[in-house]
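Report on the structure given below.
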Amino acid sequence: MGRTRPGETRAKVFAFVRERLLAGQPPTVREVQQAFGFRAVQTARQHLEQLVTEGRLVAGRHRARGYGLPALAGGGRTVLAPLLGQVPAGALDEAVEDPDGYLPVAARGAAADELFALRVRGESMTGVGILPGDIVIVRRQPTAAPGDIVVARVDGDATVKTFRPRGRHVELRPENPAFDPIVLDAAAVVVLGRVIEVRRIL
């Protein structure tokens with residue numbers, strides 16, 4: 001690399017990291033080193049830590065790809081949620097786990113490992129605007145309130161539905177009149193998480 005002032009190099013490092021983060025491909029420190037031709041990985045780390053000090057990046061602890069972007073609004077921060085695969089929005093069916101990168105998500109107080117994303121298959125939730133091919137951002141939690149949209153598992157099968165407790169039973173309600181509700185013993189339903197955001201790529 002030619003000689004540049006530290007501030008100029010740091011600005012280029014930030015632009016590189018930001019582009020990768022927004023594309024869902026967080027770089028490691030070593031990848032930053034290789035991208036800029038730094039002789040030592042410590043040089044890349046120093047630039048990244050200075051960007052954290054300046055508030056332009058946030059750092060996650062004990063993670064190889066632990067740098068993220070501060071949230072643009074709301075006083076929170078942006079974390080990277082893994083896109084884990086597909087979940088049916090229809091009859092109970094096997095969830096397909098096929099990791100496919102990361103999505104930047106406003107943390108809203110959640111830790112990075114509490115969030116994950118799934119691509120939706122099926123049409124049972126079209127009444128609440130969840131269409132086939134949409135991506136749901138899910139916050140891991142074992143319980144849900146009445147009316148929450150959840151990802152739930154039953155005997156290894158998974159679905160995305162509206163959660164409605166009915167005494168000793170749970171109704172997993174579709175939001176499309178073409179589909180029937182799924183009513184099960186409460187003990188048979190495992191809530192994997194609550195849907196907090198829906199994304200659509202046009």
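Looking only at residues that are modelled with pLDDT of 85 or more, outside any helix (DSSP H, G or I) and not β-branched (Val, Ile, Thr) in the stretch 1-55, which one is nearest to the chain's Cα centre (by Cα)?
27
As an exercise: evaluate residue 61 against (1) at pLDDT 75 or above; (2) open to solvent by 90 Å² or more (accessible area, probe 1.4 Å); (3) assigned to a loop (DSSP other than H, G, I, E, B) and give the number of the one condition it does not meet.
Residue 61 satisfies all of (1) at pLDDT 75 or above; (2) open to solvent by 90 Å² or more (accessible area, probe 1.4 Å); (3) assigned to a loop (DSSP other than H, G, I, E, B) except (1).
In the list 172, 103, 192, 184, which residue meets the criterion of being part of a strand (DSSP E or B), open to solvent by less than 80 Å² (accessible area, probe 1.4 Å) and without any contact (Cβ under 8 Å) to a residue 24 or more places away in the chain? Give the derivation first.
Working: 103 fails: without any contact (Cβ under 8 Å) to a residue 24 or more places away in the chain; 192 fails: without any contact (Cβ under 8 Å) to a residue 24 or more places away in the chain; 184 fails: without any contact (Cβ under 8 Å) to a residue 24 or more places away in the chain.
Checking each option against the conditions leaves just 172.
Inside the stretch 115-160, counting only strands (runs of 3 or more DSSP E) that do not spill past its ends, which hold 1 or more residues that are surrounded by fewer than 21 Cβ atoms within 10 Å (Cβ to Cβ) and in contact (Cβ under 8 Å) with a residue 40 or more places away in the chain?
Details: elements: 115-121, 135-140, 149-154.
Where strands (runs of 3 or more DSSP E) fall fully within the stretch 115-160 and carry at least 1 residues being surrounded by fewer than 21 Cβ atoms within 10 Å (Cβ to Cβ) and in contact (Cβ under 8 Å) with a residue 40 or more places away in the chain, they are 135-140, 149-154.
The values are calculated or read from the model by the stated rules, or taken from the named source; none is laboratory data. A quick note: this is a predicted structure, and the numbers were derived from the prediction, not measured. Neighbour counts run over all protein chains shown; Cβ positions are idealised from the backbone, glycine included. Keep in mind that these areas ignore ligands, DNA and RNA; they rest on the heavy atoms of the full protein, side chains included. Shrake-Rupley method; radii C 1.70, N 1.55, O 1.52, S 1.80 Å.
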